[in-house]
Amino acid sequence: MDYTGITDRTEAFERYIRYGGLPPVVDQGANQALASTVLSGIYDTVLVRDVATHLQIRNPMALNDVARYLASTSGSPVSITNIENRLKSAHRPTSNLTIERYIQGLLDAYLFHRAQRRDLRGGQILQGLSKYYPADPGIRNTLLGFSDSDYGFALENLVHNELLAAGFHVTVGRTDRTEIDFIAERIQPDMSKRTLYVQVSASLMDTATREREMKPFRSLPAQEGERIIITLDTIGLGRTEEGADVVNALDWLTTQAYR
């Protein structure tokens, strides 16, 4: 909003979640066609010239398929075997080791970020089935198409990236029966440790959805960390019985007190 001069939060949010925050894209203003063209050019340049060249990939189609798969499953645990099966069905058979190398290339190029799973009870990092998030909303939409039907996944992607930008180390909390979208930790200026337990849901108006998002907080020790649910709702906000703060996403993005 500062950069563009947009004063309407909703307009700024909708443009950001659709086209992202890469400066050459933002500079196109309201010209959506040109913004899409610039986004495609940035993605193709990074993927083909940088990643494919660095990894010495002769046919970048398999690499592009891996990137699309990661974007389409952002918010869900990723199985390398599932990617292998997807490529095989597309007649581009690729080994697990090669897929892992492709994913690492996408991470090294900052096209994606990885959120590893952490055991909520013991605290140790769990191997495999990490989640992967595109580093910019515009890149995600370039890969998947500009859909208006998946605000929940797009919002989760945005929250993950904003936590990283705020200096948090982000993992996914997991037990046998439940999951917390993000555990975000950072060392404060006074050397104390701040821990956030974050749930993301486009809306909590449905009773079953609200219960599903609240349930993981009940398994946490009462004194441990801050609990936040980030939603696009504008009603039903505030502190819950579980000690969680239900916060509107636009408030969270624009209010320093939440950061």
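Here are the numbers for this structure:
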quantity: Chymotrypsin sites (Phe, Trp or Tyr not before Pro) restricted to DSSP loop in the range 40-144 with at most 13 other C-beta within 10 Å; calculated: Y110
quantity: Cα gyration tensor category, rounded, prolate or oblate, for the range 24-163 with a/c compared to 1.5; calculated: oblate
quantity: Dipole magnitude of the chain about its Cα centre (Cβ charges: Lys, Arg +1; Asp, Glu -1), debye to nearest 20; calculated: 880 debye
quantity: In degrees, nearest ten, helix 32-44 long axis to first principal axis of the chain (Cα); calculated: 70 degrees
quantity: Low-density loop positions, trypsin sites (Lys or Arg not before Pro), the range 58-89 - DSSP coil, at most 16 other Cβ in 10 Å; calculated: R58
quantity: Which of A62, G75, Q32, positive extreme of dipole for the chain (C-beta unit charges); calculated: A62
quantity: Per-pair calculated FRET efficiency, R0 = 22 Å: T255 and R194 via Cβ, rounded to 0.05; calculated: 0.85
quantity: Per-selection Kirkwood Rh - the range 106-208 (Cα, Å, 1 d.p.); calculated: 14.9 Å
quantity: For the chain, built as a Gaussian network whose Cα springs stay under 10 Å, the top-fluctuating residue of P134, P60, P23; calculated: P23
quantity: Alpha-carbon Rg with Dmax, taken over the range 184-231, Å; calculated: 13.0, 40
quantity: Principal-axis tilt of helix 80-89 within the chain, Cα atoms, nearest 10 degrees; calculated: 40 degrees
quantity: Sorted largest first, extent of the chain alpha carbons per principal axis (Å); calculated: 55, 45, 40
quantity: Helix 151-165 vs. the chain, principal-axis angle (Cα, 0 to 90°, nearest 10); calculated: 80 degrees
quantity: Principal axes of the range 177-259: Cα extent on each, largest first, Å; calculated: 40, 32, 19
quantity: Alpha carbon Rg of the range 1-78, scaled by the compact-globule rule 2.2 N^0.38 Å; calculated: 1.34
quantity: Carbon/sulfur fraction of accessible area - the chain, other protein chains in place, 1.4 Å, %; calculated: 49 percent
quantity: Trypsin sites (Lys or Arg not before Pro) restricted to DSSP loop in the range 170-206 with at most 11 other C-beta within 10 Å; calculated: R177
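The values are calculated or read from the model by the stated rules, or taken from the named source; none is laboratory data. This one's a predicted model, so the numbers in the text were calculated from it and none came from an experiment. FYI the Cβ positions are ideal-geometry reconstructions off the backbone, even for glycines, and counts take in every protein chain you see. When the accessible area is computed, the model is the full protein with side chains, heavy atoms only, and any ligands, DNA or RNA have been set aside. Shrake-Rupley method; radii C 1.70, N 1.55, O 1.52, S 1.80 Å.
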